[in-house]
Amino acid sequence: MRLTAFVIALSCVAGSIVESSAKASPTAADVTAELSRRSGIPEAELSGLLADCDANQQSMNLCAHRDLVASELSLKESVRAKLEQFPMCKSAIETRLARFEKNRDAGCTRSAEKAYGKGSMQPLARAQCAKAETDRMSEQLSRYPGCRSR
């Protein structure tokens, strides 16, 4: 039952990439704290569940979501750095990220449901897809040349 609440919570918190700040490279503690905040599972309990990612389906799902959270925290830091570099591009970057998140979440949900239906592997597949897409966006953002003034 707790895993279901966790998956629902993660589905609802995909937004707000620009709003948070993070360190250059999120530490394991940063990631665990954020995962705990999003899931409602205490950090001490999460640490045990994340100790062996192959232990069971719940651990596999949590590990995939941990990796996604790490990617999202890295993207947040990239966004923060890019906004420092190009403050005049804030609106363009925020718009692009909002569109990215919406498309990423919808596309990864469709892909995971197509592959696994509503089965127990679906949350894992969705998280892995979202992580890959988030990493791709981080790479694109690193090459962002700035915005044009109109």
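No lab work stands behind these numbers, since they all come straight from the coordinates. All values reported here derive from a predicted model rather than from experimental measurement. Note that each Cβ is placed from the backbone with ideal geometry, even for glycine, and that neighbours are counted across all protein chains shown.
The figures follow:
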{"quantity": "Estimated distance in nm for a label pair at Ala81 and Arg143, the labels positioned 7 Å out from Cα along Cα-to-Cβ", "calculated": "1.7 nm"}
{"quantity": "FRET efficiency, Ala132 to Arg37 (Cβ-Cβ, R0 25 Å, nearest 0.05)", "calculated": "0.60"}
{"quantity": "Net length gained if the chain between Ala106 and Ser47 were fully extended (0.36 nm per residue, minus Cα distance)", "calculated": "18.3 nm"}
{"quantity": "Tensor-based shape of region 21-142 (alpha-carbon gyration tensor, a/c under 1.5 rounded, otherwise prolate or oblate)", "calculated": "oblate"}
{"quantity": "Per-peptide average of other Cβ atoms within 10 Å, ordering 130-136, 102-108 highest first", "calculated": "130-136, 102-108"}
{"quantity": "Burial order of peptide ranges 120-127, 51-58, 79-86, 68-75 (average beta-carbon count within 10 Å, highest first)", "calculated": "68-75, 120-127, 79-86, 51-58"}
{"quantity": "Within region 21-142: Cβ-based charge dipole about Cα centre, in debye rounded to nearest 20 (Lys, Arg +1; Asp, Glu -1)", "calculated": "560 debye"}
